[in-house]
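The values are calculated or read from the model by the stated rules, or taken from the named source; none is laboratory data. Values in this document were obtained by computation on a predicted structure and should not be read as measured data. Cβ placement follows ideal geometry from the backbone for every residue including glycine, while neighbour counts extend to all protein chains displayed.
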Amino acid sequence: MSVRKYCAYCGRVAHRCQCNDDDSRLHQFFARHPKPPQNYYPKWIKQPYKRGVPPQVKRKIRYQLRKHYSTWYANLAEQYGEHCANCGILPDDKQQLVLDHIISVAQGGQSQLDNLQLLCAECNRIKGKLCIDCYSDTI
């Protein structure tokens, strides 16, 4: 009986995963930044959850995001410009910008204005639950 190996990033079976390919979308995402990503945890996070964030906490955080979505989107668009923080694409009919948590909800991030960034849907999907601040120079 063989043991299946899984990709640490996408969770697929290792032989079907394309994250390690040189031309993968994950490598293209990181190529836009000059420095390799490091964990980004601000001082207000005491310690990440050891066994995952409880569902009731996730629900509360996502509700707060939906409640303030339009005002936070307008604030970020005014502060940084209305373009993707990673690839720089402008919103149009095909691509729209979404609010992304720098520290994902799954890793204990909060829905606060300083933990949000504007990304296009494709960059947000590729970023996944990684902690990457596209607005800072230090990642």
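Checked against the criteria, Gln79 does not count as in contact with a Cys (Cβ under 6 Å, 6 or more places away or on another chain) and outside any loop (DSSP other than H, G, I, E, B). When the stretch 94-134 is limited to residues that are in contact with a Cys (Cβ under 6 Å, 6 or more places away or on another chain) and over 13 Å from Trp72 (Cα atoms), the one that is modelled with the lowest pLDDT turns out to be Gln95. Applying the selection to the stretch 59-75, what residues are touching a residue at least 24 places away in the same chain (Cβ under 8 Å) and under 16 Å from Gln110 (Cα atoms)? Matches in the stretch 59-75: Ile61, Arg62, Gln64, Leu65, His68, Tyr69, Trp72, Tyr73. A single entry from Cys87, Cys134 fulfils the requirement of being surrounded by fewer than 19 Cβ atoms within 10 Å (Cβ to Cβ), assigned to a loop (DSSP other than H, G, I, E, B) and of a type in the set (A, V, I, L, M, F, W, C): Cys87. Of the residues screened, Ile126 is not one that is of a type in the set (A, V, I, L, M) and part of a loop (DSSP other than H, G, I, E, B).
Pairs linking a residue in the stretch 96-113 that is aromatic (Phe, Trp, Tyr) to a residue that is surrounded by fewer than 17 Cβ atoms within 10 Å (Cβ to Cβ), with Cβ atoms under 7 Å and 6 or more positions apart or on different chains, do not occur.
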